[in-house]
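Working notes for the structure below.
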Amino acid sequence: MELITIILSGILIGSSVYMMLSKSIIRIIIGTALLSHGVHLMLLTMGRLKQGNVPVLDPEVSSYTDPLPQALILTAIVIAFALTSYILVLALRMYRELGTDNVEEMKGVPHDD
Amino acid sequence: MKSTLKKAGYSKVQKQVHDVFLQFTSKVIFFIIILFAFKLFFAGHYTPGGGFVGGLLAAAAIILLLIAFDQKTVEKMLPIDFRILIATGLVIAAGLPTLSFLFGTPFFTHQHTYITVPVFGEVALHSAVIFDVGVFLTVAGTALLIIKLIAEEDD
Amino acid sequence: MTTNILPLLPIMIPFFAGIIMLFMGKRPVWHRVVSGISGLLMMLSAVWLVISIYRNGTIVTFLGDWMAPFGISVVIDMAAALLLLTTSIIAFLIVVYSFQSIGIEREKYFYYPMVLFMIAGVNGAFSTGDIFNMFVFFEVFLLASYVLITMGGTRVQLQEGFKYLLVNLISSNFFVLGLAYLYSVTGSLNMADIYLKLEDYDGNMVIMTVLAVVFLFVFATKAGLFPLFFWLPGSYYAPPMPIIALFGALLTKVGVYAIARTYSLFFIENQAFTHQALLLMALLTIIMGSIGALAYTDMKKIIIYNILIAVGVIIVGFSMMDEIGTIGAMYYLIHDMIIKAALFMLVGFIIYRTGKADSEHLGGLIRKHPVTGWMFLVAGFALAGVPPLSGFYGKFFIVQSTFDNDHYVAGIIVLVSSLAVLISVVRIFMNVFWRGEMDFSTLKPIKTDKLLFASIGLVIVSVAFGLAADLLYPFFEMAASSFHDPASYASYLTEVE
């Protein structure tokens with residue numbers, strides 16, 4: 001089970017690299033979102049996956065899941081949500097201000113002091 | 001982006017679609033989503049759910065209204081400044097842990113108890129709920145503010 | 001159990017001040033008042049922290065009453081307290097500097113709340129004792145910095161801001177990945193607890209070396225070390241001067257602090273590889289920074305490349321991992337935060353007054369602004385490390401430590417880099433203040449009293465720091481001890497047990 005999720009997160013991160021290397025801003029943003037998903041899946045796997053166990057330490061329960069990675073992922077997801085929403089607004093501002101969504105065409109913009 | 005749409009063959013990008021079916025069903029579905037958002041919010045302590053998911057779902061319900069109607073109508077329905085909503089949420093979320101100093105306990109220490117309510121039986125009361133209200137308001141406010149900023153830019 | 005509110009004050013004051021300003025709406029004058037008051041309060045609380053830590057040792061508080069290795073703890077040792085104090089001083093003076101320089105449009109768009117949220121994040125990253133919490137505070141100040149760097153929305157800002165955002169987003173994701181590996185190896189996130197666990201660990205330590213590389217990638221990107229500094233000169237050039245001063249003084253230094261913390265607590269098993277790699281990267285950073293600082297005539301660019309040199313010098317000190325080296329690194333870290341902010345402010349004053357950033361187009365300004373000119377020269381000498389001024393002590397200890405450890409090349413590179421710094425700064429002075437006349441009628445009539453108050457105030461703080469360096473030595477000795485002797489940092493856990 002761990003092996004499958006690790007391979008899955010590898011696929012996610014690999015495709016995110018492919019997306020981020022393209023020229024369109026929207027593709028780059030989708031790439032960053034995919035990267036964060038892959039990383040979060042990796043974080044979940046690192047706490048070891050056990051199916052059907054409670055994430056609570058209780059004297060009556062002998063086998064329990066580590067609750068910490070889940071709490072950490074929730075925090076990381078919230079942060080990734082905030083970043084993705086900000087980067088979307090920024091991308092729209094850039095599209096309106098610079099008139100293009102192609103990063104290649106943004107290179108030659110002169111510096112204005 | 002409009003250029004992408006043009007490439008895909010759309011000659012004219014329509015501004016607002018007045019779809020009777022969408023408008024009517026969204027009036028009904030809006031309340032279902034909001035109720036489900038509150039259900040998720042209150043489920044949060046012992047079962048999956050919580051302030052973040054609830055807030056996002058509540059924002060999603062309002063975004064459904066934005067899709068069905070236009071922005072002016074929605075602003076008339078909900079005359080809320082989202083910045084104030086975020087600030088209120090932050091005050092609640094950060095103020096409650098600070099209040100715990102008054103009780104002589106460290107930052108973020110929570111109190112909880114069980115009370116018996118006539119219909120529901122024994123119900124857990126936890127001060128973390130107030131913190132979650134703050135999270136709910138902040139998340140819903142942020143999501144709506146972002147959508148509003150994007151929508152305003154498109155005019 | 002401690003119920004001390006003091007260690008949380010440097011995080012809570014700016015955070016609550018920011019929220020109050022959000023409630024106020026677009027009222028710039030009230031924003032100024034609130035942010036100024038909160039800056040003063042932060043300074044008071046930081047002074048109080050330094051004194052009480054000097055008397056009683058490290059202050060620890062446990063959030064939510066959870067015991068140390070399980071819950072989040074806020075641990076402020078001397079190093080963190082000194083950094084908090086410096087951050088508060090710089091934050092207050094930059095807020096004062098912004099009154100007359102940032103412009104009413106940006107003030108209306110919630111500039112001060114964003115600055116204070118960023119300060120809250122920086123202070124949190126300095127004072128937390130939990131590595132995941134450090135990530136959260138990193139994200140808090142990075143998010144505020146994304147807003148600050150793109151605020152105003154000029155073309156160059158959007159373009160460079162997007163680059164900055166993307167680079168930091170990728171490195172933050174690698175931070176989470178590194179945390180995942182670290183958690184799976186050690187099973188803990190409390191930094192002191194990880195140190196104690198790794199001390200007793202007798203398995204294969206190769207994985208820790210891999211982790212050291214992942215963490216180095218993350219923090220080197222934030223701090224701007226050699227192969228990963230490519231974003232820094234462009235992105236720091238884009239925003240207006242007060243924001244550059246804030247970024248240049250604080251943000252890279254948080255990365256440096258994180259490198260120092262992790263490389264003294266986690267990655268101490270295989271120093272022959274990890275710390276040598278760190279040293280090599282630091283030296284290459286110094287060389288690249290010197291080339292950049294000598295190559296440009298644009299004042300902003302010269303000071304921005306000087307950031308790289310300073311980061312390199314500090315990392316050389318921390319990579320030595322002995323007492324003298326870390327004391328020197330602490331001295332230089334504090335000195336550089338103050339002097340970088342001061343230099344950016346002075347350069348900003350010149351740019352606002354003349355409207356030009358290229359030093360070649362200016363000249364003879366000392367007739368109009370003698371005080372500013374001499375202050376700039378003093379600040380430049382302090383940056384290069386001329387003896388009675390503050391930069392000297394840090395460089396002296398760092399070079400002494402490199403010679404003690406037989407890294408003669410490193411010591412010589414640090415010494416030669418001071419020469420490059422001196423040439424680059426004195427060239428600005430000669431071009432702008434000394435050389436022939438320029439047309440004084442083109443000067444812009446702006447109000448300058450608060451600009452000069454902030455920048456000259458910071459230069460005076462720096463000079464006082466240099467003159468009092470001898471008196472402050474016990475503080476820095478205490479601060480450095482948690483880096484070269486990590487057991488003393490982790491002692492709060494063993495004492496509780």
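Among the residues in the stretch B:69-83, are any buried (at least 17 other Cβ atoms within 10 Å of the Cβ), within 12 Å of chain C (Cβ to nearest Cβ) and within 30 Å of C:Pro7 (Cβ to Cβ)? No, there is no match, as no residue in the stretch B:69-83 is buried (at least 17 other Cβ atoms within 10 Å of the Cβ), within 12 Å of chain C (Cβ to nearest Cβ) and within 30 Å of C:Pro7 (Cβ to Cβ).
Condition (residue is assigned to a helix (DSSP H, G or I), open to solvent by less than 80 Å² (accessible area, probe 1.4 Å) and at the interface with chain C (Cβ under 9 Å from one of its Cβ atoms)) applied to the stretch A:4-14: is it met by at least one residue? Scanning the stretch A:4-14, I find at least one residue that is assigned to a helix (DSSP H, G or I), open to solvent by less than 80 Å² (accessible area, probe 1.4 Å) and at the interface with chain C (Cβ under 9 Å from one of its Cβ atoms), so the answer is yes. Within the stretch A:15-32, the set of residues being loosely packed, with under 15 Cβ neighbours inside 10 Å, within 13 Å of chain C (Cβ to nearest Cβ) and not in a loop (DSSP other than H, G, I, E, B) comprises A:Val17 only. Output the number of residues of the stretch C:134-178 satisfying the condition of being within 17 Å of C:Ala220 (Cα to Cα), without any contact (Cβ under 8 Å) to a residue 12 or more places away in the chain and of a type outside the set (A, V, I, L, M, F, W, C). Matching residues across the stretch C:134-178 total 1. Reported count of residues in the stretch B:119-143, each being open to solvent by less than 30 Å² (accessible area, probe 1.4 Å) and in contact with a Leu (Cβ under 9 Å, 6 or more places away or on another chain), is 8. When each of A:Glu97, A:Glu105 is tested for being in contact with a Lys or Arg (Cβ under 7 Å, 6 or more places away or on another chain) and open to solvent by 60 Å² or more (accessible area, probe 1.4 Å), the lone residue that passes is A:Glu97. Would you be able to say whether some residue in the stretch C:266-278 is farther than 30 Å from C:Lys197 by Cα, open to solvent by less than 10 Å² (accessible area, probe 1.4 Å) and among the aliphatic types (A, V, I, L, M)? The answer is no, given that none of the residues of the stretch C:266-278 is farther than 30 Å from C:Lys197 by Cα, open to solvent by less than 10 Å² (accessible area, probe 1.4 Å) and among the aliphatic types (A, V, I, L, M). Quick one: would you say C:Val50 is within 30 Å of C:Ile314 (Cβ to Cβ) and assigned to a helix (DSSP H, G or I)? Criteria met by C:Val50.
Scanning the stretch C:152-183 for residues that are at the interface with chain A (Cβ under 9 Å from one of its Cβ atoms), open to solvent by 20 Å² or more (accessible area, probe 1.4 Å) and assigned to a loop (DSSP other than H, G, I, E, B) yields one hit, C:Thr154. Screening A:Pro110 against (1) modelled with pLDDT of 80 or more; (2) within 9 Å of chain C (Cβ to nearest Cβ); (3) surrounded by fewer than 17 Cβ atoms within 10 Å (Cβ to Cβ) leaves a single unmet condition, (1). Taking the listed residues A:Gly47, A:Gly38, the one that is within 23 Å of the chain's Cα centre (by Cα) and at pLDDT 90 or above is A:Gly38, with no other qualifying.
Looking at this structure, is C:Ser418 open to solvent by less than 40 Å² (accessible area, probe 1.4 Å) and small (Gly, Ala, Ser)? Yes, satisfied. If you go through the stretch C:141-151 and keep only what is among the β-branched types (Val, Ile, Thr) and more than 9 Å from chain A (Cβ to nearest Cβ), you end up with just C:Ile149. Set side by side, the residues B:Phe36, B:Phe30, B:Phe52, B:Phe42 differ, and just one is farther than 30 Å from C:Lys26 by Cα, open to solvent by less than 60 Å² (accessible area, probe 1.4 Å), at pLDDT 75 or above and not in a strand (DSSP E or B), which is B:Phe30. Only one of the numbered conditions (1) modelled with pLDDT under 90; (2) surrounded by fewer than 19 Cβ atoms within 10 Å (Cβ to Cβ); (3) out of contact with any Asp or Glu (no Cβ under 9 Å at 6 or more places or on another chain) is not met by C:Ala454, and that is (2). Every condition in (1) assigned to a helix (DSSP H, G or I); (2) open to solvent by 80 Å² or more (accessible area, probe 1.4 Å); (3) basic (Lys, Arg) is met by C:Arg427 except one, and the failing one is (2). Taking B:Thr138, is it of a type in the set (S, T, N, Q), closer than 23 Å to C:Ile13 by Cβ and more than 10 Å from chain C (Cβ to nearest Cβ)? Against the criterion (of a type in the set (S, T, N, Q), closer than 23 Å to C:Ile13 by Cβ and more than 10 Å from chain C (Cβ to nearest Cβ)), B:Thr138 qualifies. Note on the stretch A:86-107: residues that are without any contact (Cβ under 8 Å) to a residue 60 or more places away in the chain and either under 11 Å from C:Arg155 (Cα atoms) or more than 7 Å from chain C (Cβ to nearest Cβ) (or both) amount to 12. Only a single item in (1) open to solvent by 20 Å² or more (accessible area, probe 1.4 Å); (2) of a type in the set (Gly, Ala, Ser); (3) touching a Lys or Arg at 6+ places or on another chain (Cβ under 6 Å) is not met by C:Gly363, and it is number (1).
For the stretch B:94-108, the condition holds for no residue, the condition being that it is within 27 Å of C:Phe16 (Cα to Cα), open to solvent by 50 Å² or more (accessible area, probe 1.4 Å), in contact (Cβ under 8 Å) with a residue 40 or more places away in the chain and not in a loop (DSSP other than H, G, I, E, B).
Tell me, yes or no, whether the stretch C:465-475 has at least one residue that is hydroxyl-bearing (Ser, Thr, Tyr), surrounded by fewer than 21 Cβ atoms within 10 Å (Cβ to Cβ) and modelled with pLDDT of 85 or more. Yes, there is a match, as at least one residue in the stretch C:465-475 is hydroxyl-bearing (Ser, Thr, Tyr), surrounded by fewer than 21 Cβ atoms within 10 Å (Cβ to Cβ) and modelled with pLDDT of 85 or more. The listed residues are C:Val386, C:Val409, and the only one of them that is more than 14 Å from chain A (Cβ to nearest Cβ) and in a helix (DSSP H, G or I) turns out to be C:Val409.
Does the stretch C:294-303 contain any residue that is buried (at least 22 other Cβ atoms within 10 Å of the Cβ), of a type in the set (Val, Ile, Thr) and under 25 Å from C:Thr86 (Cβ atoms)? Yes, that holds for at least one residue. Within the stretch C:185-194, identify whether any single residue is under 19 Å from C:Asn173 (Cα atoms), open to solvent by 30 Å² or more (accessible area, probe 1.4 Å) and either in contact (Cβ under 8 Å) with a residue 60 or more places away in the chain or touching a helix residue (DSSP H, G or I) at 6+ places or on another chain (Cβ under 9 Å) (or both), and answer yes or no. Yes, because at least one residue in the stretch C:185-194 is under 19 Å from C:Asn173 (Cα atoms), open to solvent by 30 Å² or more (accessible area, probe 1.4 Å) and either in contact (Cβ under 8 Å) with a residue 60 or more places away in the chain or touching a helix residue (DSSP H, G or I) at 6+ places or on another chain (Cβ under 9 Å) (or both).
The values are calculated or read from the model by the stated rules, or taken from the named source; none is laboratory data. Bear in mind the structure is a predicted one, so any value in this text is a computation, not a measurement. Glycine gets a Cβ as well: all are built from the backbone with ideal geometry, and neighbour counts include every protein chain shown. Side chains included, ligands, DNA and RNA excluded: accessible areas come from the protein's heavy atoms. Shrake-Rupley method; radii C 1.70, N 1.55, O 1.52, S 1.80 Å.
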